[in-house]
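Below is one structure, written out as structure tokens; comments come after it.
The values are calculated or read from the model by the stated rules, or taken from the named source; none is laboratory data. Everything numeric in this text was worked out from a predicted model, so none of it was measured. Methodologically, a virtual Cβ is constructed for each residue, glycine included, from the backbone with ideal geometry; neighbour enumeration extends over all protein chains shown. To get the accessible areas, we keep the full protein, side chains included, count just its heavy atoms, and leave off ligands, DNA and RNA. Shrake-Rupley method; radii C 1.70, N 1.55, O 1.52, S 1.80 Å.
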Amino acid sequence: MSANPSTDDLLALARSSPTAVAVHDKAAWLGLFARQHIIEDPVGGRPVLGGLYDRKSGRRGGDPLARFWDTFIAPNDISFDIEHEDIVDGLHVVRDVTIETRLSAGVVARAPMHLLYEATLDDGEPRIRRIAAHWEVTPMFAQVAGVSPERLTVAGSMSARMLRLQGLGGTLAFGKAALSVGKKGKDAVRRLVDSAQRGDATALKMLGGNVITDLTKVIAAGDAVTATGTVDGAHAVLFAYLDRKTLTVSECKVYRGA
């Protein structure tokens with residue numbers, strides 16, 4: 001493997017993750033990650049940090065990542081609906097998808113999502129250093145909530161599994177992911193995009209000179225707002241990061257397709 005992974009190498013790495021998830025191959029999935037890694041799924045929740053000392057297991061390594069698998073992946077059937085071509089930018093891969101999760105008792109939930117994979121090299125091989133999964137927790141909860149026997153079964157099993165594997169702190173942190181920048185954050189991003197369309201120099205600089213049109217699929221997760229759009233006729237995904245106190249956009253990255 002060369003020092004600079006090719007586009008094909010990076011696409012294969014990112015696409016190997018849902019492939020391993022679909023067939024419940026835990027070992028293959030764990031093997032995709034660098035020794036030190038971060039998973040933000042969802043963005044705004046407690047990140048999974050690998051390669052550091054883990055108090056629960058008492059050792060340094062990938063135990064938090066394995067617990068993440070056991071909590072959120074192992075009990076479910078997860079499939080990806082690919083909505084646009086993947087975008088490669090440097091060592092980053094962006095995927096614009098909707099994920100369908102089939103939980104126990106036949107309950108199904110769908111989550112529109114923007115996925116950011118950041119790669120690195122471990123011993124010359126590309127590995128995943130970070131995954132940031134931008135999706136909204138509240139609409140997902142709404143799909144599985146209810147008083148039917150099936151939904152009560154799902155809620156009970158999910159809660160018990162999270163408490164056992166993530167502890168009380170991790171369970172509460174997952175729920176707090178619903179506290180994002182929300183509608184006000186989305187409105188701030190729309191105003192920024194509108195200003196750039198009108199030629200505002202400050203907005204254009206914030207967006208890296210990109211004029212984004214056809215803004216759709218706007219997602220608020222944590223301090224970030226992501227959105228699907230078009231730049232010069234090509235598919236693009238905007239990642240905007242906001243100041244949580246002022247709800248103003250402080251940083252942006254626009255990923256453009258070919």
Exposure of residue 241 as accessible area (Å², to 10), given a probe of 1.4 Å and all protein chains: 50 Å²
Over the Cα atoms of the range 1-85, what is the Rg over Rh ratio if Rh follows Kirkwood? 0.99
Quick one: if you take sqrt(5λ) for each eigenvalue of the C-alpha gyration tensor of the range 26-166, what semi-axes come out, biggest first, whole angstrom? 27, 21, 11
Lysine pairs with alpha-carbon atoms under 15 Å apart, the range 119-258, spacing 8 or more or separate chains: 6
In square angstrom, rounded to the nearest 10, how much accessible surface does residue 100 have for a 1.4 Å probe? 40 Å²
Backbone N under 14 Å from the residue 105 label point (7 Å along Cα→Cβ), restricted to the range 114-145: 143-145
At a Förster distance of 25 Å, what's the computed FRET efficiency of residue 23 paired with residue 161, Cβ-Cβ distance as r, to 0.05? 0.75
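Mind ranking 244-252, 10-18 by how tightly packed they are, going by the mean number of other C-beta atoms within 10 angstrom, highest first?
10-18, 244-252
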Quick one: accessible surface of residue 138, probe radius 1.4 Å, all protein chains present, in square angstrom to the nearest 10. 80 Å²
Determine the gain in length on full extension of the stretch residue 89-residue 250; use 0.36 nm per residue of separation and subtract their C-alpha separation, reporting nm with one decimal. 55.9 nm
Top to bottom by accessible area (1.4 Å), largest first, where do 202, 228 land? 202, 228
Keeping all protein chains in place and using 1.4 angstrom, which order do 84, 235, 114 fall into by accessible surface area, from largest down? 84, 235, 114
Determine the relative contact order of the range 18-65: mean sequence separation of Cα pairs under 8 Å and six or more apart, normalised by residue count, in whole percent. 25 percent
Viscosity 0.890 mPa s, temperature 25 °C: Stokes-Einstein D of the chain from its Kirkwood Cα radius, in µm² per second? 127 µm²/s
Give me log10 I(q)/I(0) at q = 0.13, 0.29 Å⁻¹ for the range 203-256, Debye formula, one equal scatterer per alpha-carbon, no solvent. -0.29, -1.19
